[in-house]
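> Have a look at the structure that comes next, please.
The values are calculated or read from the model by the stated rules, or taken from the named source; none is laboratory data. These numbers come from a predicted model, not from an experiment. All Cβ positions, even for glycine, are placed from backbone atoms using ideal geometry, and neighbour counts span all protein chains on display. Only protein heavy atoms, including side chains, enter the accessible area calculation; ligands, DNA and RNA are left aside. Shrake-Rupley method; radii C 1.70, N 1.55, O 1.52, S 1.80 Å.
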Amino acid sequence: MKTSTQRARFAALRAAGELATCSDAEIWSLLTHADEVRLLAGDRVMEEGRYCSELVIVMEGKLRARSRLVGPGDTCGWNAMWERSTNPVAVTAETDARVLVMSHDQFRAVKALVGPGVVGTVEPCLRSPSLEREARSSLAS
């Protein structure tokens with residue numbers, strides 16, 4: 001039997017655009033690879049320029065990345081996790097929030113499901129008119 005918490009975690013993973021190609025069964029299989037964390041408004045989630053050690057998927061609440069608010073179903077750290085690189089922006093909890101977090105070890109399960117084709121998308125925490133134009137131009141060249 002699936003609990004309400006499991007259903008909420010499933011819904012958060014299902015809402016993540018990067019996981020859109022996964023079947024429901026594949027999303028259910030990822031639940032054991034994601035830890036739920038509660039954040040208080042003002043908590044620092046990611047430091048700009050520091051090594052990215054986790055993927056964050058927002059379940060509820062809002063995070064702030066630069067001038068952008070990131071909400072339920074949005075992710076932070078997707079590209080940096082794939083590339084094993086640094087966080088491109090600082091991310092802070094704008095409101096109290098619940099997030100799913102995957103470490104590099106846990107993220108390997110995601111890599112096995114989606115493959116490398118999803119790398120290169122512009123993460124919600126990075127979206128801004130100028131960054132989207134930059135991403136489109138780099139993809140076109």
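> Which cross-chain or sequence-distant (5 or more) residues have an amide H under 5 Å from the amide H of D96, H modelled 1.01 Å from N in plane?
Hits under the 5 Å cutoff: A41.
> With +1 on each Lys and Arg Cβ and -1 on each Asp and Glu Cβ, and nothing else charged, work out how big the dipole of region 1-83 is about its Cα centre, in Debye to the nearest 20.
Roughly 320 debye for region 1-83.
> Within the set of other residues whose C-beta is less than 14 Å from the C-beta of L40, count the net charge using Lys and Arg as +1 and Asp and Glu as -1.
With Lys, Arg at +1 and Asp, Glu at -1, the neighbours total +1.
> Would you calculate the separation in nanometres between label points at F10 and R66, each defined as 7 Å from the Cα along the Cα-to-beta-carbon direction?
That separation, rounded to one decimal, is 3.6 nm.
> Leaving ligands, DNA and RNA out of it, report the carbon-plus-sulfur percent of the accessible area of region 20-61 at a 1.4 Å probe.
Reported share for carbon and sulfur atoms: 47 percent.
> Could you work out the mean projected area of the convex hull around the alpha carbons of region 1-106, in square nanometres to one decimal?
Values: hull surface 25.3 nm².
If you wrap the Cα atoms of region 1-106 in a convex hull and average its projections, you get 6.3 nm².
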